[in-house]
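Asks: Before I ask anything, here is the structure I am working with.
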Amino acid sequence: MPSQSKPHTHSIPSTPSAFLPPSILHTLTLPFSFLILGTSIAAAFPFVTSASPQSDVRNTKQKHTKPNDSTDQPHILYTIPLSHYALLARWLLRLSKTPVTEVPLAPVYHSLYTLRNSKGKSRTVPQLLLPSGHLLTSSTEIISYVEEKQGMEWLFPNEEARTMCDELGRDMGPALRAFLYVHFMGSKEGCGKLVGILGNRRYLSGWQAWLVRATFPAMRTVMIKSIDLDNPKTFQTSLSTIQSHITKLDAILATQPYLAGQQLSAADITLACLCYPFVFGEESADLLDCTTTPALDDRGIPESLRTEVQWFRETRTGQHVVKILKGAGREALVPW
Ligand SMILES: N[C@@H](CCC(=O)N[C@@H](CS)C(=O)NCC(=O)O)C(=O)O
């Protein structure tokens, strides 16, 4: 991978002013923003704040079974627009024709919803609130839920598919997130592009998009701390994880058309979603051009990431990701 030759240049200071010029907006503090957000949520979404879902943690081997859950009733999906795990949940719910209302949330502020929904147990997105009031708190649980729907058994044709899904979700997803955020948040140019994506009214409600733009320096600091991006080891570990997965997946794809054999499975969809922010280009711009998943075309790419993306797109794994996004993605990712 190109950046392995210069690993120590890739960690970032968490001080917001290191990359952004001072302005009146930067003086807004996080608590102030939380106050605005909390008030707005209570006013705008009383159904969210009064929900009392349950939460638990499972892997894809465990089955979701809850009495009174009709998959034909409306479900509520909580997401962050740029989240690759949220894309995975959305894709599978669409494929299974589950009726869903999506609640896209600004990063960092999302936790006001997710912690409330899960009674403090889970902060991350995606979360899926079932008609029964039961809450699924990860893409893994959502995959299990979808798998149980009639006609969705093809998602896991064999144990390899299941193992690969678990491994990709556990290791590759967090590694890619750290790797990409270092590139976006490590330069003024990257920060500008990230604000352009995260604070876009196309993907978030007007006031949330405003909140992202107004408080980006504080948000950036929180994200750097929570992903440990100011530690050079984080970048280095992420790189090795990504590299070793790609080497392994390249070898698999050299002998068979799909990750679990001769047909598309949940493993291919998981890989495509988790790598979606790593391919950029027309697949992302055209095929993912819907109201909830930011299109990452050439204009959105930070300069420092250009060579890495080019490198990835030329690997067998990168080409597979593009193929899946172009194929299954076309049907699955039309707007709700
Ligand atoms: N294992 C979880 C991981 C989900 C995850 O890490 N989501 C990220 C977004 S890509 C998130 O919510 N980050 C914000 C946070 O940690 O508060 C899953 O499969 O859903």
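Asks: If a residue counts only when it is closer than 20 Å to ALA106 by Cα, which helices (runs of 4 or more DSSP H) contained entirely in segment 154-268 have at least 3 such residues?
Replies: Output list reads 173-185, 188-198, 206-214, 216-227.
Asks: How many residues, within segment 224-241, are surrounded by 19 or more Cβ atoms within 10 Å (Cβ to Cβ) and within 15 Å of the ligand (Cβ to nearest atom)?
Replies: Total meeting the criteria: 4.
Asks: Residues in segment 150-165: is at least one out of contact with any helix residue (DSSP H, G or I) (no Cβ under 6 Å at 6 or more places or on another chain), β-branched (Val, Ile, Thr) and away from the ligand (no atom under 13 Å from the Cβ)?
Replies: yes
Asks: Still on this structure: Somewhere in segment 133-146, is a residue touching a residue at least 60 places away in the same chain (Cβ under 8 Å), out of contact with any Pro (no Cβ under 8 Å at 6 or more places or on another chain) and surrounded by fewer than 19 Cβ atoms within 10 Å (Cβ to Cβ)?
Replies: No, the conditions are met nowhere in segment 133-146.
Asks: Taking the residues in segment 291-312 that are part of a helix (DSSP H, G or I) and surrounded by fewer than 18 Cβ atoms within 10 Å (Cβ to Cβ) as candidates, determine which candidate is modelled with the lowest pLDDT.
Replies: ASP298
Asks: Now a separate question. Test of understanding: among LEU194, LEU129, which residue is among the hydrophobic types (A, V, I, L, M, F, W, C), at pLDDT below 95 and within 16 Å of the ligand (Cβ to nearest atom)?
Replies: Values: LEU129 fails: at pLDDT below 95.
Of the residues listed, the single one that is among the hydrophobic types (A, V, I, L, M, F, W, C), at pLDDT below 95 and within 16 Å of the ligand (Cβ to nearest atom) is LEU194.
Asks: Then there's this: Quick check on this structure: which one of VAL108, VAL103 is on the phi > 0 side of the Ramachandran plot, within 14 Å of the ligand (Cβ to nearest atom) and not in a helix (DSSP H, G or I)?
Replies: Exactly one residue qualifies, and that residue is VAL108.
The values are calculated or read from the model by the stated rules, or taken from the named source; none is laboratory data. Computed from a prediction, not measured in an experiment: that's the story for all the values here. Note that each Cβ is placed from the backbone with ideal geometry, even for glycine, and that neighbours are counted across all protein chains shown.
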